[in-house]
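Asker: Below: one structure in structure tokens.
The values are calculated or read from the model by the stated rules, or taken from the named source; none is laboratory data. Remember, predicted model here, so these are calculated numbers, not experimental data. All Cβ positions, even for glycine, are placed from backbone atoms using ideal geometry, and neighbour counts span all protein chains on display. When the accessible area is computed, the model is the full protein with side chains, heavy atoms only, and any ligands, DNA or RNA have been set aside. Shrake-Rupley method; radii C 1.70, N 1.55, O 1.52, S 1.80 Å.
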Amino acid sequence: MPADYPKSLRFWNYLCYGLAGIPASLSGNTVGLFFSVFILEVVQITPTQNSILTTTSKVISSTSAFFVGFLINTTNTRWGKVKPWLFFTAILGAVCNFFQWFSPGVGSSTGKLIWYLVFFCGFNVLLTGYGNARDTLVMFASNEPRERDTLNAYMSAFQIVGVIFSALIQQGTFALFHADLGYNPCSNRTHNTTDQGPSRDTEKTAYMVAAAVGSGLLVLFGLAAVFGVPERKDIRGQQQSSCFPIDDIKQLVRHRPFLVLFVIEALLELGIYTKQINTALMLQYTFGMSDQVFYVLFVYMAAAVVAIFLWNLALPRIGRKKVICLGILLCLLPHNAALMIATEGLLGTALRPFIYASSVLGGAGEGCMYIALSVMHTDVVDDFELKTDKKMASVLYSLWLFSRGVMDAISAAASNGILQAANYNAHNCVQPNTVKQALRYVTAGTPPAVYVIALLFIWLYPITEESRTRTKMSLDARRAAADEEERAVLTSTDDASVQEIV
């Protein structure tokens, strides 16, 4: 083994890499689940302005996602290729994360919109860079497949811990300040604006405290990966001549597994994100469960945690494609159907238990999507490397991030536009029936359509269990040959040096 290769990874390295998975999932899920409530109910910008905010941020972050992989691929510093990106995105992302939950003393709606455009967009761009650098680091931490698998296992586990943290921090902070998670104007004794002020100020403080805790964890766990995980140099020394190489892009668009998975991920993201950003509002207004929002979401995420490990056991037995199909057919589709038919008139006092039971199904389905897509990513990266002899993991992850960002922008724009058309108003104590029905159809009715289309592309996905095994064997043989060639070069160099001395 060459001298510049790092030693075998230790538990500390695995732990630090796993901790790096917490910040993105913690802050990302907090935004996905609670930011719509915060921006509409507490800050009180209009749904139209919220649509401008979320759509703009998603477009900008998606654009940055498209390029950040190429930029990481061309980075080469004395501190490494990936670690500089992790360091700076963690620090700057923590700052933007705090200020995107800060309520500025600006009276005009335009001023509020500009404030959140700056910090919300900045946060999303930095989170994109952080996530790509974190995913790419596993390719440079070790060249041993078993060690990489262990790193990914720790990452998967701690990403779910981050999801749980997002709910616990939010709910714990609001409990500390005796505030409801989600401003409810009907909770005041009277409904004039003077009585609503103190309640809203309390919620503003609670959101800022929760944001400060999240920002601190982002810095702490981001730096854990920087200083606790080794990054080896690429011994083949491949460098891009440009941050936007046309030849590499042509190879990508001709790579069928990448294109099919690109579409699958985009469709699933559209369905899941649409449900995520509207669930809290649907629970509050459609089902009248504002006091149960946290508990329903916690059950949903806890089910996802357990399901990830169960689906992971099923993966080697029945394969990737069958697992993801079962997750859609047995969990996601029944979950959305349950939300569509659930009404107090039909279920009476059983409505709440029914919502909790359906959330278990939804969490199990989302957990399946999480683990299945992550392993399919690695399959496509290996297949691309085998066919092109190019290590472009950061570029592939970047383009998958781009697809998710585009779908998030479409989902956010459509959701806010529908709310605006349904006459949603954060100042109203009781929302009209049009808002309640709109939330039901957007949250539960739209996702099944894209899930069904995704099933078609999953059937077209070309990588099978047999081809995956052949790819692994071929890559192992190629890496062994490359190591032997480098060892021979080092030996000949040493012999030449000895002869010169003599």
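Asker: Being farther than 22 Å from Ala266 by Cβ and in a helix (DSSP H, G or I) is the filter here, so list the residues in the range 427-468 that pass it.
Answerer: Listed by number, the residues that qualify are Asn433, Thr434, Val435, Lys436, Gln437, Ala438, Leu439, Arg440, Glu465, Glu466, Ser467, Arg468.
Asker: Say we look at the range 430-448 and pick out the residues that are open to solvent by 60 Å² or more (accessible area, probe 1.4 Å) and not polar (S, T, N, Q); which of these is modelled with the lowest pLDDT?
Answerer: Here the residue is Val430.
Asker: Continuing with this model, one more query. Just to be sure before I move on: is Asn76 surrounded by fewer than 24 Cβ atoms within 10 Å (Cβ to Cβ), over 21 Å from the mean Cα position of the chain (by Cα) and either polar (S, T, N, Q) or farther than 26 Å from Val161 by Cβ (or both) in the structure I sent?
Answerer: When the stated conditions are applied, Asn76 passes them.
Asker: Only one residue in Phe227, Phe177, Phe221 is modelled with pLDDT of 85 or more and either open to solvent by 40 Å² or more (accessible area, probe 1.4 Å) or touching a Lys or Arg at 6+ places or on another chain (Cβ under 8 Å) (or both). Which one?
Answerer: Phe227
Per-residue answers, yes or no, for (1) in contact (Cβ under 8 Å) with a residue 60 or more places away in the chain; (2) in contact with a His (Cβ under 8 Å, 6 or more places away or on another chain); (3) under 14 Å from Ala266 (Cβ atoms); (4) open to solvent by 10 Å² or more (accessible area, probe 1.4 Å):
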{"residue": "Met376", "(1), (2), (3), (4)": "yes, no, yes, no"}
{"residue": "Leu386", "(1), (2), (3), (4)": "yes, no, no, yes"}
{"residue": "Tyr397", "(1), (2), (3), (4)": "yes, yes, no, yes"}
{"residue": "Phe402", "(1), (2), (3), (4)": "yes, no, yes, yes"}
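Asker: Determine the pairs where a residue that is over 25 Å from Val395 (Cβ atoms), located within the range 51-70, has a partner that is modelled with pLDDT of 80 or more and of a type in the set (Ser, Thr, Tyr) with Cβ atoms under 9 Å apart, the partner being 6 or more residues away or on another chain.
Answerer: These pairs meet every condition: Ser51/Ser415; Leu53/Tyr116; Thr54/Ser411; Thr54/Ser415.
Asker: So, Val31, is that one surrounded by 20 or more Cβ atoms within 10 Å (Cβ to Cβ), at negative phi and not charged (D, E, K, R) or not?
Answerer: It is true that Val31 is surrounded by 20 or more Cβ atoms within 10 Å (Cβ to Cβ), at negative phi and not charged (D, E, K, R).
Asker: Evaluate the following for Phe309: is it within 23 Å of Ala414 (Cα to Cα), under 23 Å from the mean Cα position of the chain (by Cα) and open to solvent by 40 Å² or more (accessible area, probe 1.4 Å)?
Answerer: Criteria not met by Phe309.
Asker: Right, Leu333: out of contact with any strand residue (DSSP E or B) (no Cβ under 9 Å at 6 or more places or on another chain), open to solvent by 30 Å² or more (accessible area, probe 1.4 Å) and not polar (S, T, N, Q) or not?
Answerer: yes
Asker: Now a separate question. If you scan the range 340-394, which residues turn out to be more than 28 Å from Leu310 (Cβ to Cβ) and outside any helix (DSSP H, G or I)?
Answerer: Passing the criteria: Thr343, Asp389, Lys390, Lys391, Met392.
Asker: Among Ile60, Ile22, Ile39, which is surrounded by 19 or more Cβ atoms within 10 Å (Cβ to Cβ), in contact with a Cys (Cβ under 6 Å, 6 or more places away or on another chain) and not small (Gly, Ala, Ser)?
Answerer: Only one candidate passes the filter, namely Ile60.
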